[in-house]
Amino acid sequence: MEKIVVNGGKRLQGECSVQGSKNASLPIIGATMLTSGENVLHMCPKLRDTTTACEILQLLGCKTNWQDDALIINSRGLCNNEISKNLMNQMRSSIIFLGAILARCGEAKVYFPGGCDIGSRPIDLHIDALKKMGVSVNECGGQLDCKVDGDRMHGAEIFLSFPSVGATENILLAAVTAEGKTIINNAAVEPEIKDLCNYLNKCGAKVVGGGTQVIRIEGVDRLTPCEYTIMPDRIVAATLLCGVAATGGEVLLKSVNVSNLSSVLPVLSDMGCRIRIFGKSIFLKSKDFLVAPKQPIRTMPYPGFPTDLQPIMMALSCVVGGTTIFVETIFENRFRHVPELKRLGASIRVEGRVAVVEGCRELRGACVYGTDLRGGASLIVAALATAGRTEIFKLCYVDRGYEKIEDQFSKLGAYIFRL
C-alpha cells in the first residue's frame, strides 16, 4: 500500500508557490462543455479529482490533454449525455456536470455523487432549482434521468435555503445559455464562485454579482472558448502556512490571493505567528512555541472560517500551548481525523460538533490512515511536528486535493517522501 513517510521535528523554511485551486478548477472544467471549442486552463492542478473530471469529459466525447500546468479541453465533439456510476462515485463535485450537460444536450443521465464521507450533502437544492428552470427529473435506483421541457431551459428566480456552493455552480452553468434572466438569491459567495463567473464572462456570458449573495444571469445563445488562469488554492495555501507554523519555521508563500485568507491569517497571528503581506505573497514566521487562539474556531460559509481548513488547523493546535475549541457547523461528520491525531499523541475530546484540543509540546510518530481529503492533510501537518517517524496511508484522499503534497513540503526542508 502506498504511503507517505515523514521524519518530523525539522524546522521548515524557504519559499514556495501555491498550486491552482481544486474547488475553482472543477466547475470551470465542467463549464468548458458549454463552449463547443478548445479552452486552455492555466494553473489547473493535476489531482485525482481533475483527472476524474477529464475522464468524465472524455466519456461525454470531449478531448483533454495536459501541457505543463495547462489543461487543454476541446468540447466540440461532445456527443454523450450520461456519466457512469463509477465516475460519479469518485467525487462529490461530479454533480456540477449536470447543469452543463443539460444546457448542451437537453437531457442528462447521472447518479448521486460520491466523495469523502464527511457528512450529509444532499443535492435537493440542485434538483429543485433545475426544475424551476424547466427540467423534468425522474429518480430510480440512485440514477437521475433529467430532460429539458422544450428546446432550452428558461430563466427563473431562485432562492437557496442554504448558500450551497455546488448548487450555485450548477445553476450558473444551466442559466448562462438559458432563455431569459435568472436570479440566484442567497447564493454562495466563495471566491471559487467568482472565479467561475469570471471564466463564464470571458466566454461571453452575462453574469453580474459573482461572489455576492445575489447573482443575476442573462442567458445568451452561445459561449465561445477562451484561455483562462485558475485562481490560487486558498486551502492549500493555508495548509502550507499551518505546516510551517507547526515546526516553528518561516516561509515566503507566493502566488496567493491574500484576501481569500481573511478568516485564517488572524487565527495564525493570534497564535503568535508574525505575518507580513507583500502584494500576492505572505511571509510567515513562527515562534518556537505558539499559543492557542483566544476565541473558539467556528466553521462557517465564506467569509467565515472554512470547514475544509478545520482539520488542518486542529493539527496545528495539537502542538500549541493551551486549549483550542473547534465548533463544526457545516458537516456533522467532520471529526473523523481525530482518532488518527490521537495515535500521534494528541489530546482531543469530541462532544457532538465540538472538539476541545489540549496542546502539548511534542507529538510522537506512528502509523496513521487518512479518513478524507482534509483529514489526510491534517495528519501530514501533525507529522511534520512529531518526534520520530510517521507513516501515513490511504493517500487516495490527499491526492484528490493536493498536487504532490510531499514535494511542496520537501521544498521547505521537510524530510518527507512517498513509497
Quiz item: GNM on the chain, C-alpha springs below 10 Å: top fluctuator among GLU218, GLU139, GLU358?
Solution: GLU139
Quiz item: Of VAL320, ASN257, PRO301, whose Cα points farthest to the positive end of the dipole of the chain (charges on the beta-carbon: +1 Lys, Arg; -1 Asp, Glu; origin at the Cα centre)?
Solution: VAL320
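About its Cα centre, how strong a charge dipole does the chain have in debye, to the nearest 20, once Lys and Arg get +1 and Asp and Glu get -1 at the Cβ?
Charge dipole, the chain, about its Cα centre: 1020 debye, nearest 20.
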Practice problem: Of the options PHE331, THR168, ALA366, report the single residue whose Cα projects farthest towards the positive end of the charge dipole of the chain (beta-carbon charges: Lys, Arg +1; Asp, Glu -1). | Solution: ALA366
Quiz item: So which aspartates and glutamates pass the test for LYS147, namely a Cα distance under 15 Å, with those fewer than 8 places away in the same chain ruled out?
Solution: GLU82, GLU107, ASP128, GLU139
Exercise. Return the sequence-ordered ³J(HN,Hα) values of the stretch 341-346 in whole Hz as given by the Karplus equation 6.51 cos²θ - 1.76 cosθ + 1.60 applied to θ = phi - 60°, using x for Gly and Pro.
Key: 5, 5, 4, 8, x, 6
Quiz item: Treating the beta-carbon of each Lys and Arg as +1 and of each Asp and Glu as -1, no other charges, what is the dipole magnitude of the stretch 224-325 about its Cα centre, to the nearest 20 debye?
Solution: 280 debye
Quiz item: Between the stretch 263-324 and the stretch 331-403, what's the alpha-carbon centroid distance in Å?
Solution: 16 Å
Practice problem: Once every Cα of the chain carries one equal point scatterer and solvent is ignored, give the base-10 log of I(q)/I(0) from the Debye formula at q = 0.10 Å⁻¹, two decimals. | Solution: -0.67
Quiz item: Rounded to the nearest 500, what is the chain's calculated 222 nm mean residue ellipticity when only DSSP H runs of at least 4 contribute -39500 (n - 2.57) each, over all residues?
Solution: -8500 deg cm²/dmol
Quiz item: Kirkwood hydrodynamic radius for the stretch 22-228: how many Å is it when counted over pairs of different Cα atoms?
Solution: 16.5 Å
Self-check item: Dipole magnitude of the stretch 284-369, debye to nearest 20 (Cβ charges: Lys/Arg +1, Asp/Glu -1, about Cα centre)
Solution: 140 debye
Self-check item: Mean projected area (nm²) of the alpha-carbon convex hull when the stretch 325-399 is viewed from all directions
Solution: 4.7 nm²
Practice problem: Among GLY30, GLN19, VAL5, pick out the residue whose Cα is farthest towards the positive end of the charge dipole of the stretch 1-55, where Lys and Arg carry +1 and Asp and Glu carry -1 on C-beta, about the Cα centre. | Solution: VAL5
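Just so you know, all these numbers are worked out from the coordinates, no wet-lab data involved. As the structure is a prediction and not an experimental result, all values here were calculated from the model. So basically every Cβ, Gly included, is an ideal-geometry build from the backbone, and we count neighbours across all protein chains shown.
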